[in-house]
Amino acid sequence: MTGIDTSLLGDVRQLVLEILDDHRQAGLPTGFDAELWQALAGSELLQLGEVEELGVRATMTVVGELAAAGALLPVAEHDLLAGWLCGLAGIERPSGIATVGFLDADERAHAVPWAVAAERVLLVDPAGRIAVTGPEQFTLTPGQNLAGEGRDELRLTQPVDWVDVGAPVRNGLLARGALVRAVQMVATGARAVELMIDHAREREQFGRPIARFQAVQQLIADAAAEAELARTATDWALGRLADGAVGDDLDHAVAVARSCAGQAASVIARNAHQVHGAIGTTAEHRLHRSTVPLLAWRSEFGTQTYWEQRLLELLRPAVTREDRLLPQVDAQS
């Protein structure tokens, strides 16, 4: 794994937390938080992907802290994904908010993250071409995911300038976007587990905290175990990306991370609401700022099923060759 001064990441995390202290919100997001975005931009936290000694891990640190706090913004899309596409195409990063999208054969891009707030959208078409587009070149139909984040549909209406970088760019963008969602799921999952623990300690039933009931302990333990597995897998995938993994190597790491994060999301969301009981089902409860995005992100940049099938596809050669991972079992034994 590429070496990095962990104290630098600590400084980044602390700066994000200080900014978030001034931007606390109740309930689920209702739209793009322009004030928080400007605060992050003013602290130069939206260009960390360009800093050689920080790069991927620093931006993902910002993304994770924002996700844990329920502050949902296209930081990774703007910094890592759009910046990566610009580097491949040899074009200058656009000024203002940038996001990314996959253009289909019918010249439409679906569920583009926060396109309604973006000044530029970098589109990748099926042929592996990249174009920087603006609102004057497409029509936009606003949309949202389950968590209330902008997921908009674009349709090109004007010609755009394409840069051909090759078909693999589409898969590369998918893998990087999927890893972003894994990082966000890990952060919100960990936050949900913290809320479970706090509630179990505070809530009393039959004269004692519910944390002393074995059934509650089991729910928390299962969720915590899944959260830790997802964190470990995602951290490994981040290391592979930082080390320059591409193609199948990167897909393998991302598929493991997304599989673990997606499985953890189901367990954590279910157990967290069980532990909280009726109070956790109310829309105003802070638990929803973790569990609703957690479930929404499972289907973005590839579904849970897609990444599990991709992992199986990548592992199949290893388990079918003669030096297979698992030894053959003698039928007579």
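The values are calculated or read from the model by the stated rules, or taken from the named source; none is laboratory data. Not measured: the values here are computed from a predicted model. As a convention, Cβ positions derive from the backbone with ideal geometry for all residues, glycine included, and neighbour counts pool all protein chains shown. Note: accessible area is taken over every heavy atom of the protein model, side chains too, but ligands, DNA and RNA are not part of it. Shrake-Rupley method; radii C 1.70, N 1.55, O 1.52, S 1.80 Å.
One table, with the values for the structure above:
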| item | result |
| --- | --- |
| Residue identified as open to solvent by less than 50 Å² (accessible area, probe 1.4 Å) and among the basic types (Lys, Arg) among Arg57, Arg129 | Arg57 |
| Qualifying position, being surrounded by 17 or more Cβ atoms within 10 Å (Cβ to Cβ) and within 19 Å of the chain's Cα centre (by Cα), among Leu88, Leu122 | Leu122 |
| Residue satisfying all of: in segment 187-196; open to solvent by 10 Å² or more (accessible area, probe 1.4 Å) and in contact (Cβ under 8 Å) with a residue 12 or more places away in the chain; farthest from Trp297 (Cα to Cα) among these | Val193 |
| Single unsatisfied condition, Gly166 versus (1) modelled with pLDDT under 95; (2) under 18 Å from Ser290 (Cα atoms) | (2) |
| Which numbered condition Arg151 misses (of (1) within 19 Å of Ile91 (Cβ to Cβ); (2) in a strand (DSSP E or B); (3) open to solvent by less than 40 Å² (accessible area, probe 1.4 Å)) | (1) |
| Search result, residues across segment 266-297 that are over 18 Å from Arg203 (Cβ atoms) and among the hydroxyl-bearing types (Ser, Thr, Tyr) | Ser266 |
| Among (1) within 22 Å of Gly70 (Cα to Cα); (2) in contact with a Lys or Arg (Cβ under 7 Å, 6 or more places away or on another chain), the one test that Leu250 misses | (1) |
| Residue list for segment 1-36, filter: surrounded by 12 or more Cβ atoms within 10 Å (Cβ to Cβ), over 27 Å from Glu149 (Cα atoms) and modelled with pLDDT of 80 or more | Leu8, Asp11 |
| Yes/no for Ala82 being in contact with a Lys or Arg (Cβ under 6 Å, 6 or more places away or on another chain), in contact (Cβ under 8 Å) with a residue 12 or more places away in the chain, within 28 Å of Glu35 (Cα to Cα) and surrounded by 22 or more Cβ atoms within 10 Å (Cβ to Cβ) | no |
| Single match in Leu146, Leu156, Leu140 (criterion: open to solvent by 50 Å² or more (accessible area, probe 1.4 Å), of a type outside the set (S, T, N, Q) and over 24 Å from Cys260 (Cβ atoms)) | Leu140 |
| Flag for Glu77 being charged (D, E, K, R) and open to solvent by 20 Å² or more (accessible area, probe 1.4 Å) | no |
| Residue list for segment 293-311, restricted to those being closer than 12 Å to Ala182 by Cα and either part of a loop (DSSP other than H, G, I, E, B) or free of Cβ contacts under 8 Å to residues at least 40 places away in the same chain (or both) | Ser299, Glu300, Phe301, Gly302, Thr303 |
| Check on Ala167, out of contact with any Phe, Trp or Tyr (no Cβ under 6 Å at 6 or more places or on another chain), farther than 20 Å from Gly134 by Cα, surrounded by 16 or more Cβ atoms within 10 Å (Cβ to Cβ) and among the aliphatic types (A, V, I, L, M) | no |
| Members of segment 105-119 found to be part of a loop (DSSP other than H, G, I, E, B) and over 22 Å from the mean Cα position of the chain (by Cα), listed by number | Ala105, Asp106, Glu107 |
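Okay, residues lined up against (1) in contact (Cβ under 8 Å) with a residue 12 or more places away in the chain; (2) of a type in the set (Gly, Ala, Ser); (3) open to solvent by 50 Å² or more (accessible area, probe 1.4 Å); (4) outside any helix (DSSP H, G or I):
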{"position": "Glu136", "(1), (2), (3), (4)": "yes, no, yes, no"}
{"position": "Leu174", "(1), (2), (3), (4)": "yes, no, no, no"}
{"position": "Met185", "(1), (2), (3), (4)": "yes, no, no, no"}
{"position": "Asp198", "(1), (2), (3), (4)": "no, no, yes, no"}
{"position": "Val216", "(1), (2), (3), (4)": "yes, no, no, no"}
{"position": "Thr234", "(1), (2), (3), (4)": "yes, no, no, no"}
